[in-house]
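Written out below as structure tokens is the structure these notes cover.
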Amino acid sequence: MKPFHLVVGEDLPKRFLSAAALLVALGLMFGLTFLVAWGAGWGFWPKPLELLTLADGTKVLGELWDRESDPVGTGLRWRVKVGNRDLWGSDFRVVRQAEVVKVERPTDAWVLERWEYGNFYGFVLSLDADGQVFDPKTPGFQAILSRKLREVASLKRQSDKLAAKVARKAQASEEELARLASLQQAQEGCTLLMTTAGGERKDIPCAQVVHARPMNRLGFWGKLAVFGERWLEFITAEPRESNTEGGIFPALFGTSLLVLLMTVGVVPLGVLTAVYLREYAGDTRFTRAVRLSVTTLAGVPSIVFGAFGLAFFVYTLGGTVDKLFFASSLPTPTFGTGGILWASATLALLTLPVVVVATEEGLAAAPVEVREGAQALGATRWETLRYVVLPYAKPGIYTGMILAVARAAGEVAPLMLTGVVKLAPALPLDSSPPFFHLERKFMHLGFHIYDVGFQSPNVEAARPVVFATTLVLLVLVVLLNLLALILRNRARNRVMSQAL
Amino acid sequence: MAGARDRARRRELWAKALITGAAMAVLSSTFLLFAYLLWEVLPLLRPARLRPLETVAVKGSVFAFPGELPGSFWTLSQEGVVRVRPQGEAVRLPQVAPPLTAAIADRWARWLAVSDAEGIKVYRVSLRPSFVGQERQLKLRLSSPFVAAATEVKLLAVGGEATPLVLGVRGGVTYLWRAQGGSLEAVVLSSQEGHAAVVNEAGDRVWLASDRQLTVWDGGGGRLATAPLLAPATVVTLLLGDLTCLVGDRQGNVQAFGLFQGEGGNFLLEGFATFRGPGPVLGLAPSPRSKAFAVLRPGLVQVDYLTSGKVLAQHAVPEGARTGLAFAPRGERLLVTEESGGAHVLAADLGHPEATLGTLFGKVRYEGYRNTTWTWQSTGGSNAFEPKLSLVPLIFGSFKGAFYAMLFSAPLAFLAALYTSQFATARLRQWVKPVVELLAGVPSVVVGFVAALVLAPWLSAHLGAVLLALFVLPVTLLTAAWLCELRPRPWQLRLQERWERVLTLGLLLVGLGIVWLFAPGVERLLFPGGLLEFLHTRLGVSYDQRNALVTGFALGFAVLPVIFTLAEEALSNVPESLVNAALSLGASRARAAWTVVVPAAAPGLVAALLLGFGRAVGETMIVLMASGNAPVLSFSPFSGMRTMAACIAVELPEAAYGETLYRVLLLVALLLFAFTLVTNLLGQRIARGLRRRFGVAR
């Protein structure tokens, strides 16, 4: 009989392990996307208001945010967002499940989103509008309330605009001041008398209220509508409450303008360099040096670009510009401090290799026969390039541009040194001449994430905003990358089909 | 016709100039990037300089001190008149009885003690710049004196905070005068004769050097500690911050002493540095800006720096200049007085003494520390704070983060690349590579955010389960694989190749399920108090929520696409003929991959790792958010770190232009630049060599 001989595999372990590694790597990416999407979706989805009655008789009204195991005894404890920061100092309260006697969802509970102090959770006692008192139990109260709120909001918008105009001018006319006073007066007529779950009363002027919603009365479609409204507001509105609430419009705007300025700088330079490398020069020492410098730029960490941007663009170039043209306002710097111009210049340097590499690939797409054909017809080198080669290279150039934009939109570290701020008082592009204010500081999506998620005084309450901002940035960048990918694949396929 | 051709030629020339110009701009901007950083860093090497500015006549005065405005100083004459130069305002000391026999001030000239015919009088001096019309002038204010009726006193020191303390010697006995209302009460401090003394700014420590020993007393006359001296002391002073006492002696030594509190609350006086030089020490003056100090020797003024132990600069002065060594309140000028009545003013440009090769990279004993350390602590609360600029913790932090990142990403990326290039179907490959490219595009701020706000808290709650999964998942996969190939045959599980991926996914899920089910039980069984508790109490390892594990994971996630792409390329480029040869010899596909393809592509894999490592070292946002940013020197995966990149991001916006910290941070940037440049060039060189070997066209 043959001796018993156990042989363990040598083929499959490697296959399994490597397949598992690939699966894990892909799983991590989808996990990340899912996590961010889930966080953003959960944060904006309207949550029911739960009224918890505790064993000692206290009542807590709020949204259940988290639960974790109770360190004292068994069971769970909830973190409840109770809002009303002006009354209690904090937005959150931890409630042990063991203490809860009763859980209800009262249909007459309201959420007021306010301009200051976060949300108010409670019950409406009455609405006092220009001397008229409305009881919340009267039919159509909700419609009346939303109409009043809309009226007050429009008054507030007008008065804010006017106040800003008055503040800009050194001297305001009597008429404007009178109009401002009357607008402000008109807003004061409307007040909501609210009570918290514990019975504390609070007068809230309508001008303070952004939205008022009876959350527990909403059905699925109602909630979906609120969800949509919140996203719309998020994209289009200004931030409130030191960025922890409201929208991200200035950050979106700042990011877009930044990458636009950068593109204006980087695309011509990158394309011309690529043309030089592939079309104009042979394998000389100079070409090799240029090529080396492009690969070097591609490998340098972004923070080094930031340090260079600060030292060279901001302090040296900006300082010189200030001395030459803005000497009257010194020592307050104009261009000698971080701003959108310097930030985009820094990013242009950072993304240069992306454009060069993609354009080179695009230039390679022009077949030799066509070039030779052009030259045989008497076209000069420039004419061949302009009318024959560049049209072929267009997809490559677009790919490079999009990739550069995607890279720049996600880059934060260099911006932190060259002019991004958590809250910019004014957009770098507005209606006051000279319209483009390139020296201004700006907001940026990526920095918004860092700032709100890490530097904010109220990190917990800001969670929905951070997740949503992250999702917006992620979607933006991934979509851009995807676009570039598709464009490039198409171009490659075209080249291949031509080759056949 | 000729015109058209000319136009075409001109256009051609223009185009060529434009295109060449663009290439030159790229080249020069890369060069500028390096050169400009270097240009901003180089001033760190600028040596300190002492330069004679002027000599002013202070004849007939007993005391002279530089003022805050450029070129200003004040003198005290024997008649008790204070003159402020250059404007020439003269104020007589209140209640003074000339002639003065002696006058001393504390280090910053806030207290002035004079001894006249009636005894000792101590004045509070305030000399502040203020605007007189359009011009800035020094404004002098003098308090009414604290008086002690003690004549024939050799004054040693004056100082204190709200009320003055005066030290003096009379009849071979050292006295301490303390304020009691408007007068000074004497206490016998020591029966020995003191040679030199100093009182700290808070007025609660008195340092007295007698013949061969240095003694520290508290403000009430209680002795705290004593230390021996090398030679009889001539001068004593305290450095900025009052932590270090400098004692100069007749043999030319300047010894630095620190007062430490020992285990049982008793005080220890330790000498930790000695500066030697020619001739006896005649005067010592601490800089009001840094830990530098000036030493006056016969015919020579030196400026030394405590932390680095270096002589920063020296300058010759006449032999007769033997007294009155003092820094101006902004530290930019030095004053030294000649007995013949001339005061020499030297411009003192100290450069960047905090940053030397020794302090940036070596172990340094800082003031207030009992051992030498590598410490990064660039800003502190008070004026007297000494920046500690050791780059070692930052470099260490960068490498630690990158190391843990590689630990996570290298095996994963490498195996995934192996699968994609060797085993996967063409369709899968077509699909995987773009996805990984998308992964490479994920902004690092997103990864860092998720790591710090989601992963870090989750990991601290589920550390046991994660560690278990690291063990269980490979074991599950390997066991299943071995079972499938087990011989003899009847024991073997059969598997078709196309089910491989599904099966692996299933196995992964099974492994995760096992971990999910058993992790809490296993953790309870092994570590009854919880794993973190066990780590802390038994192993003494503290667990920071934002630690190297979290950072390594997130960083690894960010560099994974880089390594994957390069490794995949290296593996795919191995010629098919090599694999086919192995297969025809009877090797299985995996065996061929492992024994033929991997060794052949090894240089490419090394290059991939190198480039991934370089990327991990330079990554900023992830580390900034997930690592906690504490500059500690611990390799533990459960503690955080501060990397070079994160340090630049945090501190450079706050650093003042041209200051030492600004230049040191740019040096860090330059180091980062150089490091990534080297790894990139090396990696590319290896990869290129490999491509050439396999004859793959670029």
Can you give me the angle between helix B:426-441 and the longest principal axis of chain B, using Cα atoms only, in degrees from 0 to 90, rounded to the nearest 10? 10 degrees
Compare the Cα positions of B:Leu165, A:Gly246, B:Phe146 along the charge dipole of the protein assembly as shown (+1 at Cβ of Lys, Arg; -1 at Cβ of Asp, Glu; about the Cα centre) and return the one farthest towards the positive end. A:Gly246
Kirkwood Rh (inverse of mean 1/r, distinct Cα pairs), the range B:392-693, angstrom: 21.5 Å
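Within 10 Å of each Cβ of A:438-451, how many other protein chain Cβ atoms are there on average? Intermediate results must be reported in sequence, preceding the final value.
Details: counts 0, 0, 0, 0, 0, 0, 1, 3, 7, 2, 1, 8, 8, 0.
The per-residue average across the peptide is 2.
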Would you mind giving the mean number of other chain beta-carbons within 10 Å of the Cβ of each residue in A:25-34, as a whole number? 6
Percent of alpha carbon pairs in chain B separated by more than 32 Å? 66 percent
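Based on the mean of other Cβ atoms within 10 Å per residue, sort peptides B:226-239, B:648-661 so the most packed one is first.
Listed from highest to lowest mean packing, they are B:226-239, B:648-661.
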Just want the answer: with Cβ charges of +1 for Lys and Arg and -1 for Asp and Glu, which residue in A:Leu487, A:Val80, A:Phe308 is farthest toward the dipole's positive end in chain A? A:Leu487
Go through the range A:395-500 and name the chymotrypsin sites (Phe, Trp or Tyr not before Pro) that are in a DSSP coil and have 15 or fewer other Cβ atoms within 10 Å of their Cβ. A:Phe435
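If the viscosity is 0.890 mPa s and the temperature 25 °C, what Stokes-Einstein diffusion coefficient in µm²/s follows for the range A:281-436 when Rh is the Kirkwood radius over Cα pairs? Walk me through the numbers before you get to the answer.
On the way: Rh = 18.5 Å.
The Stokes-Einstein estimate is 133 µm²/s.
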What lysines sit close enough to A:Lys394 to cross-link, taking a C-alpha to C-alpha distance under 27 Å and skipping anything fewer than 8 places away on the same chain? B:Lys16, B:Lys433
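Using +1 on the beta carbon of Lys and Arg, -1 on that of Asp and Glu, and nothing else charged, what's the dipole of the range B:55-194 about the Cα centre, debye to 20?
Values: 15 positive and 11 negative charges, 73 e Å.
Magnitude of the dipole: close to 340 debye.
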Nearest 10 degrees, 0 to 90: what angle lies between the long axis of helix B:548-572 and the longest principal axis of chain B (Cα atoms)? 40 degrees
How big is the range A:72-184 in terms of Cα radius of gyration and Dmax, in angstroms? 20.8, 68
Restrict the search to the range B:378-474; then list the chymotrypsin sites (Phe, Trp or Tyr not before Pro) that DSSP places in a loop and that have at most 15 other Cβ atoms within 10 Å of their Cβ. B:Phe385
Return the long-range amide H neighbours of A:His211 (sequence gap of 5 or more, or a different chain), with a cut-off of under 5 Å between placed amide H atoms. A:Glu113
Quick query: amide H of B:Glu338 versus all other amide H atoms, modeled in the peptide plane; which residues come in under 5 Å with a sequence gap of 5 or more or a different chain? B:Ala343, B:His344
What ³J(HN,Hα) values, in whole Hz, does the Karplus curve 6.51 cos²θ - 1.76 cosθ + 1.60 give for the range B:113-121 when θ = phi - 60°, with x put for Gly and Pro? 10, 10, 10, 10, 5, 8, x, 9, 10
In whole Hz and in residue order, list the ³J(HN,Hα) couplings for the range B:61-76 that follow from phi through the Karplus curve 6.51 cos²θ - 1.76 cosθ + 1.60, θ = phi - 60°; x for Gly and Pro. 9, 9, 7, 9, 8, x, x, 6, 7, x, x, 9, 6, 9, 10, 10
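Using alpha-carbon pairs under 8 Å, 6+ residues apart, how would you state the relative contact order of the range A:249-499 in percent?
Details: 339 pairs, mean separation 66.6, N = 251.
RCO, the range A:249-499: 27 percent.
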If you take each beta carbon of peptide B:590-602 and count the beta carbons of other chains within 10 angstrom, what is the mean? 2
How are the Cα pair distances of the protein assembly as shown distributed, in percent, across 10 Å bins from 0? 2, 8, 13, 15, 15, 15, 14, 10, 5, 2, 1, 0, 0
Whole-Å distance, taken between Cα centres, linking the range B:527-577 and the range B:260-335: 51 Å
Say the dipole of the range B:392-693 comes from +1 at the beta carbon of Lys and Arg and -1 at that of Asp and Glu; which of B:Leu483, B:Leu566, B:Ala410 then lies farthest toward its positive end? B:Leu483
Please list the non-local residues whose amide H lies under 5 Å from the amide H of B:Glu89, H modeled 1.01 Å from N, same-chain partners needing a gap of 5 or more. B:Val84
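From the gyration tensor of the Cα coordinates in the range B:263-322, what semi-axes in whole Å does the equivalent ellipsoid have, largest first, with each one equal to sqrt(5λ)?
On the way: eigenvalues 146, 35, 22 Å².
Rounded to whole Å, the semi-axes are 27, 13, 10.
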3J(HN,Hα) from dihedral phi, the range A:366-381, Karplus parametrisation 6.51/-1.76/1.60, rounded to Hz, x for glycine, proline: 6, x, 4, 4, 5, 4, 5, x, 4, 5, 5, 7, x, 6, 6, 4
Enter the Cα centre distance for the pair the range B:1-48 and the range B:180-251, rounded to the nearest angstrom. 65 Å
Explain nothing, just the number: dipole magnitude of the range A:249-499 about its Cα centre with +1 on each Lys and Arg Cβ and -1 on each Asp and Glu Cβ, in debye rounded to the nearest 20. 340 debye
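Take the cross-link list B:Lys59/B:Lys291; A:Lys148/A:Lys169; B:Lys291/B:Lys400; A:Lys47/A:Lys156; A:Lys422/B:Lys388; B:Lys310/B:Lys363 and give me the ones stretching past 24 Å between alpha-carbons.
On the way: B:Lys59/B:Lys291 32 Å; A:Lys148/A:Lys169 32 Å; B:Lys291/B:Lys400 32 Å; A:Lys47/A:Lys156 28 Å; A:Lys422/B:Lys388 30 Å; B:Lys310/B:Lys363 15 Å.
Over 24 Å apart, Cα to Cα: B:Lys59/B:Lys291; A:Lys148/A:Lys169; B:Lys291/B:Lys400; A:Lys47/A:Lys156; A:Lys422/B:Lys388.
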Tell me which aspartates and glutamates have Cα within less than 16 Å of A:Lys137's Cα, excluding those fewer than 8 residues away on the same chain? A:Asp108, A:Asp128
Nearest 10 degrees, 0 to 90: what angle lies between the long axis of helix A:390-410 and the longest principal axis of chain A (Cα atoms)? 40 degrees
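Quick one: Cα convex hull volume of chain A, Å³ per residue?
Details: hull volume 153.1 nm³, N = 500.
Dividing the Cα hull volume of chain A by its residues yields 306 Å³.
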Point-charge dipole on Cβ atoms (K/R +1, D/E -1) for the range B:392-693, about Cα centre, debye to 20: 1000 debye
Starting from the Cα-Cα distance between B:Ala149 and B:Gln192, subtract it from 0.36 nm times their residue separation and give me the gain in nm to one decimal. 13.3 nm
Expected sort for A:141-149, B:476-484 on mean C-beta neighbours within 10 Å, highest first, is B:476-484, A:141-149
Any chance you could check the Cα centroid distance between the range A:187-254 and the range A:445-500 for me, in angstrom? 28 Å
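Each reported figure results from applying straightforward, stated rules to the coordinates on display, with no laboratory input. Bear in mind that the values here come from a model prediction, so they are computed numbers and not experimental data. Methodologically, a virtual Cβ is constructed for each residue, glycine included, from the backbone with ideal geometry; neighbour enumeration extends over all protein chains shown.
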